[in-house]
Amino acid sequence: MSMQPPIRVMLVDDHKTMLWGLEKLLEEAHPLMEVVASVSDIDTAVVLSGSLRPDIVVLDVDLDGVCSVDFVPALVANGVTRALMFSGTRDQEMLGRAVRNGARGVIGKEAAAQQVIDTIARVHRGELCLDQALLGSLLGALIKPAPVPAAPDPEAARIALLTLKERKIVAMMVDGNGALNKTIAQRAFISEQTLRNHLTSIYSKLDVANRLELYVYAVKNGLATPMNADE
């Protein structure tokens, strides 16, 4: 019966003591696991992940002020490596972002030695290793209903039907409240018949019956000022 090859692990942590402790822990787990690299900065980790293609990268969330969460996609881009976040924070938003970026597990730095070994093995087997709080947060975001879009404004839809010329005529009707069609037609540089044609169209589009209703509608919906645009 042939033995399974060891799980090849790369460690990434900027704390030398923590890195040394993880190395010793995994050495004791041999032949189940072996450390193929130990690095303290994310740039080196990305390069080595591409060249060494470790099975697991155990990744500190905070690397000397650099958030490693955003580099998870680059670390797992080789198609082989799986990322396990080694975290001293309980920031659910940040850890959730790490999982959405491709991390397959999160384990706290306070975890017991055997728990660290077990979690690495489980992630290597393809399991998703998250605590209940983080898992609940991620699932909640997935099943949260999408916001219902605001219902369209029927008045805005009606007003949008007006041509620029009709908008100007409406503004003139409001401004010249009580003025005769002849006066408004002269101001608009059109004939009275053309004005009546425009009014018929305006009444139909805005669903009003006469000049009084048009006046009320225009004032209520801000049509008393003509649009500033060329005809």
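The values are calculated or read from the model by the stated rules, or taken from the named source; none is laboratory data. Just so it is clear, the structure is predicted and the values come from calculations on it, not from any experiment. Note: ideal-geometry Cβ built from the backbone for every residue, glycine included; neighbour counts use all protein chains shown. The accessibility values were calculated without ligands, DNA or RNA, using every heavy atom of the protein model including side chains. Shrake-Rupley method; radii C 1.70, N 1.55, O 1.52, S 1.80 Å.
A few notes on this one:
- Separation of alpha-carbon centers, region 47-78 and region 160-182, rounded to whole Å: 66 Å
- Only DSSP H runs of four or more residues enter the estimate; each adds -39500 (n - 2.57), and after division by the residues of the chain the mean residue ellipticity at 222 nm equals -14500 deg cm²/dmol.
- Average accessible area per residue (Å²) across the chain - probe 1.4 Å, nucleic acids and ligands excluded: 57 Å²
- Placing R0 at 45 angstrom, the Cβ-Cβ distance between K109 and A157 gives a FRET efficiency of 0.20 after rounding to 0.05.
- Lysine pairs with alpha-carbon atoms under 15 Å apart, the chain, spacing 8 or more or separate chains: 4
- Here the accessible area is traced with a 1.4 Å probe on the protein chains. For the chain, carbon and sulfur cover 57 percent of it.
- Length-normalised contact order of the chain in % [C-alpha pairs under 8 Å, at least 6 apart]: 13 percent
- Neighbourhood charge, 15 Å Cβ-Cβ cut-off, centred on V76 and excluding it, Lys, Arg +1 and Asp, Glu -1: +4
- Measuring how big the chain is from its alpha-carbon positions, Rg and Dmax come out at 34.6, 105 Å.
- Entry note, region 1-75: relative contact order of 37 percent, from Cα contacts under 8 Å with a spacing of 6+ residues.
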